[in-house]
Amino acid sequence: MARALAGLGHQNAFFIDPGELADAVPQVDVIVLVGRLDGTVLDVAAAAHGAGVPVILDLADDLLSRSHSANRDGRNGVNLAALAPVLAGITVPTHAFAARVKAEASALGLSAPPVHVVPDIAETRAVYDETARFMDTVRPKSATTGAAAPTGGTAPASAKPAGGLKRVVWFGEASAPHTTCGIFSLLPALEALGKLNKRIALELVVVSDDKAVFDELIKKMGFPTRFVPFSPPTLFDELERAHVALLTGGDDAFEAVQSQARALQAMAMGVPVVTTSNRGLVEFDGIALTGNVKMVKKIDQCLSMDRANVEREFIAPAAPILARYSPERLGALWEKILTGAAARAKEARAAAAERTGVLFFLHSPRDAGPMRTPVEQAVAAGLTPQIVVTAEALSKGLAVRKFLSGTKQLPRIVTGPDDLFAGTFDGVGTVVVRSLEETPARKVAQLGESAGATVVTADVAARLWTPASAAAAPATAVPPAPKQPGPYPERVNPDGSSDWAFIVNPKGRGWILEAICREIGSRQPSTWQMVFSMTDLPPARSYFFSHHSVFVKLREKFARQLSAANTFIWFTHPRSETPELIAKQLAEFSTATKVIFTCEMNRQLWLDRGLDPERCTVVLGGADKNLFRGHQRGNGVVGLSSSFYERKNPDLIREVVQLLPHRRFVLVGKGWENYGLFEELLIADNFTYTTASYAEYPAIYDTFDVFFSPSQLEGGPIPLVEAMMANAVPVASHTGFAPDLIKHGENGFLFDIDAPASVVADLIERAFAIETDVRESVLFCDWDAF
């Protein structure tokens with residue numbers, strides 16, 4: 001990151017000795033403590049506090065974990081508490097780690113500073129070599145010897161790789177006392193490798209730092225193994241020769257927050273990855289092969305491919321995502337975090353020299369109620385309140401005394417405005433009165449303005465210092481959505497059968513496919529039931545398969561039962577396809593009563609592929625017009641609504657947000673922490689992310705003027721019709737049913753899925769000028785009609 005920052009024009013200084021850094025504090029703009037939470041950094045913190053220099057704590061390992069050897073007796077928590085007054089932020093590599101840090105800070109009674117997620121880079125040999133050359137020019141002297149601190153080196157020569165074998169590479173730390181990750185995490189995979197070796201001659205290569213641990217693991221394995229002492233050059237050598245990287249990990253809390261840097265590194269070096277967990281690899285769904293189940297099959301898949309197929313299936317699709325993890329890209333994120341911290345510190349130093357006092361003037365008991373909230377918020381904002389109360393106000397009832405007791409503020413008592421003079425307003429930047437309609441308040445306002453203070457009324461002051469979290473909350477409480485969408489409850493016939501069975505994969509519980517099935521079932525009078533089993537199929541007259549894959553899983557097992565019933569397949573959008581897969585799906589679709597497509601685009605696609613027109617139809621998605629009632633536009637918000645998937649085009653969202661700093665963007669959804677550059681969105685002043693419940697969506701959508709739908713692949717999306725029902729102007733990619741709902745330039749805009757961010761940003765700007773009643777154009781898409 002230092003090299004990337006230098007490339008962006010910033011100067012770096014490196015320190016190993018905390019004392020030397022403490023002496024140099026007045027010459028730096030921001031300090032990054034890299035993995036240091038020991039007592040030696042406290043002198044640095046004291047020097048930084050005195051100079052008003054912000055400090056960023058960068059944690060790659062969970063040094064706050066109670067099981068970490070560097071945190072004996074919880075001493076790191078004490079050090080964090082000491083650092084807290086000068087910490088401008090903490091950087092960690094994963095969102096799980098960020099949650100852990102926030103929880104630990106809360107347990108220590110700390111109000112945690114911002115925790116920024118900056119992922120680890122996808123390191124290649126070229127990146128390593130370039131960084132090593134950079135460090136040769138800038139690396140610090142050792143605190144004890146004066147020699148240059150080492151940056152790596154060449155490992156002792158190891159055994160040569162066996163010729164003709166398929167190489168499976170594992171690399172990482174051999175073991176650590178605070179975690180179960182390490183070489184022995186390979187243990188569950190060894191049996192699978194042994195079975196595979198009977199069909200494909202392979203070699204397990206372990207690049208690590210402790211051969212004794214390796215030797216204990218591989219005793220009597222029965223297939224070739226090789227240990228390579230770790231160094232960056234030897235690791236890159238082995239990755240260049242590897243056919244697949246098998247990256248197992250631990251199963252403890254420490255491992256759960258660690259980054260997937262090893263997987264990124266392997267993929268960046270052109271090696272397909274099989275790993276036991278998809279934690280942190282959601283972006284690479286279908287590219288990195290994850291999960292303990294069928295491990296042999298996944299490794300076999302990689303080892304059986306020729307290089308051209310490996311490139312097509314694993315390397316080429318990973319490349320655009322890996323670009324997010326380059327030093328230059330993440331260096332730009334670091335730049336924003338560090339320059340932002342430096343700028344805020346500069347503003348804080350300037351503000352400290354300016355007026356931070358707020359004078360509240362109460363001359364009547366009626367002033368007490370409206371003043372309480374602004375006083376409390378001023379205190380929370382770090383301002384200095386001064387309460388000036390007239391003796392008359394104190395004498396008329398208990399209201400003012402209750403106000404003083406509740407706010408815990410001591411007053412200055414005056415007979416009236418004539419007791420105030422210019423010196424009263426020294427250090428006062430703001431004067432607050434309940435109302436300017438009364439003479440005493442107007443006199444105080446005139447005095448304050450003459451002294452250079454800003455005068456506001458209590459209702460305005462209440463908004464000046466409103467916490468960001470409160471300002472972002474929906475203004476209107478929304479009742480929870482009904483559990484039963486339509487009038488007809490789920491029920492079966494006396495014999496246990498039903499007229500309709502809606503079949504959803506168990507993993508789909510609580511997701512949109514289950515919700516759609518319930519919308520359909522509860523709006524017709526026949527008996528119906530939800531089915532979440534992939535091993536049992538209750539008798540029914542008609543079966544509705546919420547996804548094509550569910551139909552495939554059950555078709556052969558229950559062939560006779562399904563042949564005697566109607567079968568309907570709900571087809572949302574195509575997945576990764578090959579000619580062989582398309583032919584297979586066409587044969588499967590041809591056995592169904594109907595394939596129901598969510599948009600005309602997908603129906604036409606399958607007609608072109610040879611599907612019988614009699615077997616297919618289109619039913620556009622719906623929205624509840626009583627829930628999404630429509631609103632008057634004018635809030636200036638660009639809304640987005642979706643869970644995170646790579647096909648949701650996250651890079652385009654980020655670029656558009658940056659191109660339109662004057663527009664406010666609100667994203668409602670879940671899982672976006674899996675986007676590698678999500679931190680870059682979170683620190684943007686014009687972006688808000690919320691994981692609200694669905695019951696809150698109507699109130700959130702009522703803040704949208706424009707709805708931005710950037711997906712590269714969709715069957716719907718349902719949030720598009722919901723937002724249009726709420727009268728937001730859509731700007732959507734040309735996919736799913738967007739072309740079925742949007743008349744370009746009339747009730748919204750469409751753009752090609754590969755359109756550049758500048759084109760999309762221009763359409764969003766144009767959308768604010770549309771005056772059409774968008775809701776009216778989609779009222780036919782309610783759930784009853786669906």
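About its Cα centre, the dipole of region 375-461 is roughly 320 debye, where the only charges are +1 on Lys and Arg Cβ and -1 on Asp and Glu Cβ.
With a 1.4 Å probe and all protein chains left in place, how much of the accessible area of region 215-362 comes from carbon and sulfur atoms, in whole percent? List each step's numbers first, then the result.
Details: 3360 of 6170 Å².
Carbon plus sulfur share of accessible area: 54 percent.
Residues whose amide H comes within less than 5 Å of that of residue 728, counting only those at least five positions distant or on another chain, are absent (H built at 1.01 Å from N in the peptide plane).
Of all lysines in the structure, those lying under 30 Å Cα to Cα from residue 402, and not within fewer than 8 positions of it along the same chain, are 443.
Taking all protein chains together and a probe of 1.4 Å, list 116, 10, 662 from the most accessible to the least accessible. List each step's numbers first, then the result.
Details: 116 20, 10 65, 662 115 Å².
These residues rank, largest area first, as 662, 10, 116.
Magnitude of the charge dipole for the chain, about its Cα centre and with charges confined to Cβ atoms of Lys, Arg (+1) and Asp, Glu (-1), is about 1460 debye. Placing unit charges on the Cβ atoms of the charged side chains and taking the dipole of the chain about its Cα centre, the candidate lying farthest along the positive direction among 394, 86, 488 is 488.
Rg/Rh for the chain: what does it come to with C-alpha atoms and Rh from Kirkwood? Radius of gyration over Kirkwood radius for the chain works out to 1.02.
State in Å² the accessible area per residue of the chain; use a 1.4 Å probe, count heavy atoms of protein chains only, and round to the nearest integer.
46 Å²
Size descriptors for region 288-345 (Cα atoms only): Rg and Dmax, in that order, 18.8, 57 Å. Ligands, DNA and RNA excluded, the heavy atoms of residue 307 present near 120 Å² of accessible surface to a 1.4 Å solvent probe. Partner aspartates and glutamates whose Cα lies under 12 Å from the Cα of residue 198, excluding those fewer than 8 positions away in the same chain, are identified as 300. Could you tell me what percent of the DSSP beta bridges with both partners in the chain are antiparallel, to the nearest 5? Here the antiparallel bridges make up roughly 5 percent for the chain.
In terms of distances greater than 27 angstrom between alpha carbons, the cross-link table entries 166/507; 297/584; 219/294 yield 166/507.
For region 364-442, divide the Cα radius of gyration by the Kirkwood radius and give the resulting Rg/Rh value with two decimals. Could you put the intermediate results ahead of the total?
Working: Rg = 12.2 Å, Rh = 13.2 Å.
On the Cα set of region 364-442, Rg over Rh gives 0.93.
Placing unit charges on each Cβ (+1 for Lys and Arg, -1 for Asp and Glu) gives the chain a dipole about its Cα centre, and among 772, 8, 201 the Cα reaching farthest toward its positive end belongs to 201. The residue list 543, 106, 132 was ranked by how far each Cα lies along the charge dipole of the chain toward its positive end, using unit charges on Cβ atoms, and 543 comes out on top.
So which trypsin sites (Lys or Arg not before Pro) in region 201-241 are both in a DSSP loop and have at most 14 other Cβ atoms within 10 Å of their Cβ?
Values: sites: 211, 219, 220, 226, 241; in loops: 219, 220.
Those satisfying the criteria are 219, 220.
Can you give me the % of accessible surface on region 655-716 that is carbon or sulfur? Probe 1.4 Å, all protein chains present, nothing else counted. Can you show the working numbers first?
Values: 1070 of 2200 Å².
After summing per-atom areas, the C and S share lands at 49 percent.
The values are calculated or read from the model by the stated rules, or taken from the named source; none is laboratory data. Everything quoted here is computed from the prediction, not taken from an experiment. Virtual Cβ from ideal backbone geometry, glycine too; neighbours counted across all protein chains shown. Heads up: the accessible areas ignore ligands, DNA and RNA and are worked out on the full protein's heavy atoms, side chains in. Shrake-Rupley method; radii C 1.70, N 1.55, O 1.52, S 1.80 Å.
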